[in-house]
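So the structure is just underneath, and the comments pick up after that.
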Amino acid sequence: MPFLAPFWPIISSFVLGLTGSVAARVLTSLGIGFVSYAVLDNIVSDLVSSAKFNYNSAPAVVLQLMNLTGFDKALNTLTSALVTKAAMMAAKALRPL
């Protein structure tokens, strides 16, 4: 394409500027994602360990009834939903970056 020869410096600087901006956004997003994951992981693991401790300290009859009703699966679903909601809120709050 010889007719584009005079425009190669302009095109190349545009593409490099565009990819530099995209690369910076991707790296920023990854950094924010890793930090938010680390924070959420610590909070959720503390909450889950506390819930397990309280769950296991209940009387045997209550534990049997809770297991029959599927409380452990409901607690897992609720925890997953809360983590997903927190991640979505963090992504929405950090979108301008």
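The values are calculated or read from the model by the stated rules, or taken from the named source; none is laboratory data. All values reported here derive from a predicted model rather than from experimental measurement. Cβ: placed from backbone, ideal geometry, glycine included. Neighbour counts: every protein chain shown.
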Reported set for segment 64-87 where residues are more than 22 Å from the chain's Cα centre (by Cα) and either within 18 Å of Val39 (Cα to Cα) or outside any helix (DSSP H, G or I) (or both) is Gly70
Note: among Thr28, Thr19, just one is out of contact with any Asp or Glu (no Cβ under 7 Å at 6 or more places or on another chain), under 30 Å from Ala86 (Cβ atoms), among the polar types (S, T, N, Q) and at pLDDT below 80, namely Thr28
Is it the case that some residue within segment 47-59 is over 28 Å from Leu30 (Cα atoms), touching a helix residue (DSSP H, G or I) at 6+ places or on another chain (Cβ under 8 Å) and not in a helix (DSSP H, G or I)?
-> yes
- Any hit, segment 59-80, residues being touching a residue at least 60 places away in the same chain (Cβ under 8 Å) and surrounded by fewer than 12 Cβ atoms within 10 Å (Cβ to Cβ): no
